[in-house]
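> Have a look at the structure that comes next, please.
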Amino acid sequence: MSLDDHSEPERKSIKSVNCPTCKTQVIWDSRSLYRPFCSKRCQLIDLGAWSEEEYRIPENQPTESWSDSSSSEQFENGNRHQDH
């Protein structure tokens with residue numbers, strides 16, 4: 001047997017992540033029903049935080065403000081979309 005022979009099958013790398021709520025390590029595969037969370041409890045805690053608006057996605061600031069003269073002039077001159 002030479003050193004080039006692979007007698008052991010290749011091992012799959014096991015991927016894991018930390019639960020966003022409690023930081024417990026969670027194996028990332030189909031057996032982890034609540035991934036990335038470790039449990040239904042942590043999943044519901046996170047959902048509750050979103051519903052209470054504890055988390056927010058930052059909104060992009062517009063490049064032009066409505067106080068900009070060119071924008072307000074266009075609006076005043078009728079250059080806007082009108083629904084019929």
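Every number in this text was worked out from the coordinates using simple rules, so none of it is lab data. All values derive from a computational prediction rather than experimental measurement. Here the Cβ is made from the backbone with ideal geometry for all residues, glycine too, and neighbour counts use every protein chain on show.
> What ranking do 34, 55 get, fewest neighbouring Cβ atoms within 10 angstrom at the top?
Values: 34 14, 55 9.
Neighbour counts put them in this order, fewest first: 55, 34.
> Quick one: order 45, 57, 14 by neighbouring beta-carbon count within 10 Å, fewest to most.
Details: 45 15, 57 5, 14 8.
Neighbour counts put them in this order, fewest first: 57, 14, 45.
> Separate question: Starting with the fewest neighbours, write out 39, 16, 51 ranked by other beta-carbon atoms found within 10 Å of each beta-carbon. Spell out each step's value before the answer.
Values: 39 16, 16 13, 51 9.
Ordered from fewest to most neighbouring Cβ atoms within 10 Å, 39, 16, 51 come out as 51, 16, 39.
> Would you pull out the residues with amide H under 5 Å of residue 26's amide H, same chain only if 5 or more places away, H placed 1.01 Å from N?
HN-HN under 5 Å from residue 26: 17, 18, 19.
> Return the sequence-ordered ³J(HN,Hα) values of the stretch 47-57 in whole Hz as given by the Karplus equation 6.51 cos²θ - 1.76 cosθ + 1.60 applied to θ = phi - 60°, using x for Gly and Pro.
4, x, 5, 5, 5, 8, 6, 6, 9, 9, 8
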